[in-house]
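**Student:** Pasting a structure below so you can have a look.
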């Protein structure tokens, strides 16, 4: 199947050709024709499966096939200019989007907007805008004044503008809930219900989620009409193109030494290191920079401008290591990410799947490595139950854990010294500059050897 067989408008096909897209993914093959036909959808699809195009291409196709006379008239900004020409005081007219995409995070909202601009690059009359927290209000007012046809937003900031009368959904035709499970996990249930209640009952609703069970399924059934259920792959997707490993560590010193060693693998193009706390993300990024790595932190306490600059640097290849909290687990699509490191295991097993999905993008292979304290073996087992996979335990000569754990299962065929890179020596500096001679003694910024859990209280 090709994109031509999906019945897309020539302008969209040209944009896909320009972007190098040739064959639609499985979720696109099933969702695009159904959405073009006007069906409501409930879609379960794994991260990285191409779901953004699955809901955006049908919407752009709808707008591209409309006759000129059927398109909306003046924008609020044009109305203001007309009022000034008549000597009247202009007043702000609420934006009236025709499509709304709700996302759980700012990063995902920006990613969806960027993809929309790419798919609709030859459609001059269609505008898309992101409304999200961390963006200055004057900038958002400027975007809303353009009366964009497509609005991509996070729930909290969207409700702010709804309550102040800046957005009117009376003309909304398409509602998309992207990564609905994540929005519910983040406590947006009431916000979603409020937003949906302000939209026309005649709208088309497309819901995408890693799972359609439990609360997600209940909400999906309430807000959709005779939906087509599409099950491509749930949260238990095996990620066959991603090699997974576990390294058991004795304490924080052991963990930092091992991370330093692993990051020196020449096979790494770019890597994401996931931490449990914002403080650790900043601390580790600082230590890696001191050691000579091109590293930066990404977490929720950063202003949106700083987060955007960090992600732009990652996409341009200026960063080799991104140290992030789970705010980055969804919404980052950088093909150059070859490795994901779980410095801390995620709180929920489902988040492990989304974390490692940051690598192995666009059909590439990837590597996911978790640094696990011995007491966390039960969390590894939960992940294995969810993914229906056994994650092999790896040991690198010179970095062997002194403690033992019943969860340790050396990967098949392992031999001492089988790890990548050169073997290290106990007690060496935590983060040494690449190529610098190794020295005995700890790093001046090194914390004590307590476990991650104990020092957090």
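**Student:** Given (1) surrounded by fewer than 21 Cβ atoms within 10 Å (Cβ to Cβ); (2) free of Cβ contacts under 8 Å to residues at least 40 places away in the same chain, identify the lone condition not met by residue 352.
**Tutor:** The number of the failed condition is (1).
**Student:** Among the numbered criteria (1) part of a helix (DSSP H, G or I); (2) closer than 18 Å to residue 179 by Cβ; (3) in contact with a strand residue (DSSP E or B) (Cβ under 8 Å, 6 or more places away or on another chain), which single criterion is violated by residue 34?
**Tutor:** (2)
**Student:** Moving on to the next point. I'm told residue 249 meets every condition in (1) more than 21 Å from residue 132 (Cβ to Cβ); (2) in the same structural domain as residue 133 (by TED's automatic domain parsing); (3) in contact with a helix residue (DSSP H, G or I) (Cβ under 6 Å, 6 or more places away or on another chain) except one. Can you identify the failing condition by its number?
**Tutor:** Of (1) more than 21 Å from residue 132 (Cβ to Cβ); (2) in the same structural domain as residue 133 (by TED's automatic domain parsing); (3) in contact with a helix residue (DSSP H, G or I) (Cβ under 6 Å, 6 or more places away or on another chain), only one is false for residue 249: (2).
**Student:** Just to be sure before I move on: is residue 397 crowded, with 19+ Cβ neighbours inside 10 Å and either out of contact with any strand residue (DSSP E or B) (no Cβ under 6 Å at 6 or more places or on another chain) or not in a strand (DSSP E or B) (or both) in the structure I sent?
**Tutor:** no
**Student:** Check 161, 122 and return the single one that is surrounded by fewer than 21 Cβ atoms within 10 Å (Cβ to Cβ) and in contact with a strand residue (DSSP E or B) (Cβ under 6 Å, 6 or more places away or on another chain).
**Tutor:** The match here is 161.
**Student:** Continuing with this model, one more query. Can you tell me which residue within the stretch 41-53, out of those that are under 22 Å from residue 128 (Cβ atoms) and in contact with a strand residue (DSSP E or B) (Cβ under 7 Å, 6 or more places away or on another chain), is surrounded by the most Cβ atoms within 10 Å (Cβ to Cβ)?
**Tutor:** 43
**Student:** Then there is this: Return the total of residues in the stretch 355-378 being surrounded by fewer than 20 Cβ atoms within 10 Å (Cβ to Cβ), in a helix (DSSP H, G or I) and on the phi < 0 side of the Ramachandran plot.
**Tutor:** Counting residues in the stretch 355-378 that are surrounded by fewer than 20 Cβ atoms within 10 Å (Cβ to Cβ), in a helix (DSSP H, G or I) and on the phi < 0 side of the Ramachandran plot gives 5.
**Student:** What is the number of the single condition among (1) under 20 Å from the mean Cα position of the chain (by Cα); (2) crowded, with 19+ Cβ neighbours inside 10 Å; (3) at negative phi that residue 240 does not meet?
**Tutor:** If we test residue 240 against (1) under 20 Å from the mean Cα position of the chain (by Cα); (2) crowded, with 19+ Cβ neighbours inside 10 Å; (3) at negative phi, just (2) comes out false.
**Student:** Being under 20 Å from the mean Cα position of the chain (by Cα), in a helix (DSSP H, G or I) and surrounded by 15 or more Cβ atoms within 10 Å (Cβ to Cβ), is that true of even one residue in the stretch 173-180?
**Tutor:** yes
**Student:** Tell me which of these residue 134 doesn't satisfy, since it passes every other one: (1) buried (at least 19 other Cβ atoms within 10 Å of the Cβ); (2) under 18 Å from the mean Cα position of the chain (by Cα).
**Tutor:** Evaluating residue 134 over (1) buried (at least 19 other Cβ atoms within 10 Å of the Cβ); (2) under 18 Å from the mean Cα position of the chain (by Cα) leaves (1) as the failure.
**Student:** Taking residue 206 as the residue in question, decide whether it is touching a strand residue (DSSP E or B) at 6+ places or on another chain (Cβ under 6 Å), touching a residue at least 60 places away in the same chain (Cβ under 8 Å) and farther than 30 Å from residue 396 by Cα.
**Tutor:** So residue 206 passes the test.
The values are calculated or read from the model by the stated rules, or taken from the named source; none is laboratory data. It should be emphasised that the depicted structure is a prediction, and the values quoted were computed from it without experimental measurement. Here the Cβ is made from the backbone with ideal geometry for all residues, glycine too, and neighbour counts use every protein chain on show.
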